[in-house]
1. Lys171: which lysines have alpha carbons under 25 Å from its alpha carbon, excluding same-chain residues fewer than 8 sequence positions away?
2. Could you list the square roots of 5 times each eigenvalue of the Cα gyration tensor of region 19-152, that is, the equivalent ellipsoid semi-axes, sorted largest first and rounded to whole Å?
Amino acid sequence: MRLAIFSWIFTVMCSGLVLADSEPENTDPGVGKSYGDWTEFCETTGNGGKICNISQTLTRQGSQQLLLSIRINYVPGKKQPIVFATLPLGGLLTSAPILKVGTVAPFEMAYQFCDISGCTAVAVIDDQTLGALKAETQAVVQFVNIARKRIGIPVSLRGFSKGLKSLTEMKKK
């Protein structure tokens, strides 16, 4: 009986070693790289392609409650980058979130879906807004909550230009 238990424990331990050894190694030097307040992240698509983005996630101080997760990436077939902004639940879905950068006209995003983590709005970034994002040090994402109060969440643009340049270079590959 002891031999059977020992064999079972040994088999479980060895299978754990094999599993750990067979996990794919992350050899992509761009994954996790930081550019100021922005972090680069790449993921493999179902067809073996790669989509990379730069992102910034802001949470309420002292908790993990999401205030804003903003990602910028290029999608196949689009020349301009796309912005994905995930905002907390409780936003008024009939009022489009906006991105304000410097003196450029506010840039509207469209809500696409809500899930347990929040509501995500998406838009293609126009040239004027993209230029402002590269030149300024801060942007503000605004949304209207269900009490019809406009909430503004500041976003640091420190490192944005370098991160975007890295994405652009990856897109060319």
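1. Result set, ordered by chain and number: Lys33, Lys50, Lys78, Lys79, Lys134, Lys162.
2. Whole-Å semi-axes of the equivalent ellipsoid: 28, 19, 15.
Read the figures in this text as sums done on the coordinates, not as results from a lab. On a predicted model such as this, the values are computed, not experimentally measured, just so you know.
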